[in-house]
Amino acid sequence: MQESRKREIRIKADSFRENCKIGRYGIIDLFKDCTRCGYKLLRYPLGESTDLGFSLLKDQDVIIFTNSSSRLSREIFTLAHEIGHIILHINANKSFIDDHITLSGKNTDEKEQEANYFAANLLMPDDEIGKFLDLEIENSNQNKLSATDIAKIMSEFNVSFDMALNRLENLGKINASEKLQLDNERNEKRVGNLLRSISGNSRLNIASEEIDIPYEYIDYVIYNYNHRAIPAETLERALAYCHLSREDISDRLVDSCDEENDADLDDMIGGLPD
Ligand SMILES: [Zn+2]
């Protein structure tokens, strides 16, 4: 990637970041920020051995899907990568589907590389990392970073251990041998333990299995049910995805007052002049 293109992507990531709620250094909840931007976000646990995310533009709606069967830190990276596609690449009738290959940087496709670069700059901007190392980690310029320090970075920036290592290496904060050492230390101590030892965000290391379906989809399902386009079982299954039952939306279903409507109709017809 050319430096001028990289700079362009950094500018776009930085300007998206301005819409996000930031803690001391890192984005607090990128899922919420997406919804606030008007993106339609879908999260569903599709299983581990399948696609991790996709983004598409449909009738002016930006739709992003993330698979919540992957560890939360990975899911957040997928989301940041999809936002990258939306901001850098998307136009009408185009969609991107991502898996372990495209998200790990092993795919040489330029758009995939660019989306990864966008995600890295959105989640871990150079200046915020520099500031975090300076202010939060004692003598970080003299001592080598420990796996515990990496866990602190994970927890603040809501990224995976691997992403933190890759980003620190790309920014020249650690070299290849330090990265290898940290990787070994992680394998010995395990990420879950490291996060617990600093009272960090342990949820990052497990799958959220979150189910999040925009309310518009429920509106659509109710509309179809009311127009007898789908059976009651489909309605109930769609509601269950959103942790809702028929009772929760009973005021919006027309079947309970069908008889009344029919009676009204009879009256009307009966009342019409011959
Ligand atoms: Zn992609």
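The values are calculated or read from the model by the stated rules, or taken from the named source; none is laboratory data. Note that the coordinates shown come from a computational prediction; the quantities given were computed from them, not determined experimentally. Cβ coordinates were reconstructed from backbone atoms using ideal geometry, including for glycine residues, and neighbour counts include every protein chain displayed. All accessible areas refer to the heavy atoms of the entire protein, side chains included, with ligands and DNA or RNA removed. Shrake-Rupley method; radii C 1.70, N 1.55, O 1.52, S 1.80 Å.
If you stretched the chain out fully between Asn141 and Lys58, how much longer would it get, using 0.36 nm times the residue separation minus the C-alpha to C-alpha distance? Walk me through the numbers on the way to the answer.
Details: separation 83, 0.36 × 83 = 29.88 nm, distance 4.81 nm.
Gain on stretching Asn141 to Lys58: 25.1 nm.
Give me the percent of the accessible area of the chain that comes from carbon and sulfur atoms, probe 1.4 Å, all protein chains in place.
Numbers: 7140 of 15370 Å².
Result for the chain: 46 percent of the exposed heavy-atom area is carbon or sulfur.
So for each of 13-25, 74-86, 40-52 I average, over its residues, the number of other beta carbons within 10 Å; can you give me the resulting order with the highest mean first? Can you show the working numbers first?
Working: 13-25: 13.9, 74-86: 26.2, 40-52: 15.8.
The peptides rank, most packed first, as 74-86, 40-52, 13-25.
Mind giving me the nanometre distance, one decimal, between the label points for Ile206 and Asp109, set 7 Å out from Cα along Cα→Cβ?
Going from the Ile206 label point to the Asp109 one covers 3.4 nm.
Do the alpha carbons of any pairs in Lys6/Lys189; Lys21/Lys189; Lys40/Lys179; Lys12/Lys94; Lys40/Lys189 sit beyond 27 Å of each other, and which pairs?
Numbers: Lys6/Lys189 36 Å; Lys21/Lys189 32 Å; Lys40/Lys179 37 Å; Lys12/Lys94 20 Å; Lys40/Lys189 38 Å.
Exceeds cut-off: Lys6/Lys189; Lys21/Lys189; Lys40/Lys179; Lys40/Lys189.
Would you tally the net charge around Ser245, using a Cβ to Cβ cut-off of less than 14 Å, leaving Ser245 out, and scoring K and R as +1, D and E as -1?
On the way: positive: Arg237, Arg246, Arg252; negative: Glu233, Glu236, Glu247, Asp248, Asp251.
Its environment carries a net charge of -2.
Could you check the simple spin-label distance between Asn19 and Ala176, using points 7 Å along Cα→Cβ, in nm with one decimal?
Using points 7 Å along Cα→Cβ, the separation is 3.9 nm.
At 222 nm, what value in deg cm²/dmol follows for the chain if DSSP H runs of at least 4 each add -39500 (n - 2.57) and the sum is divided by all its residues, to the nearest 500? Working shown, then result.
On the way: 13 runs with 147 residues, N = 274.
So the helix-based figure for the chain works out to -16500 deg cm²/dmol.
Over segment 18-105, how many percent of alpha carbon pairs lie in each 5 Å bin up to the one with the longest distance?
3, 14, 26, 25, 19, 10, 2, 0
Quick one: divide the alpha-carbon radius of gyration of segment 3-205 by 2.2 N^0.38 Å and tell me what you get. The partial results should precede the final answer.
Numbers: Rg = 16.6 Å, N = 203, 2.2 N^0.38 = 16.6 Å.
The reported ratio for this selection is 1.00.
Running a GNM on the chain with Cα contacts under 10 Å, which residue among Asp29, Asp162, Asp127 ends up with the highest mean-square fluctuation?
In this elastic network of the chain, the residue with the biggest mean-square fluctuation among Asp29, Asp162, Asp127 is Asp127.
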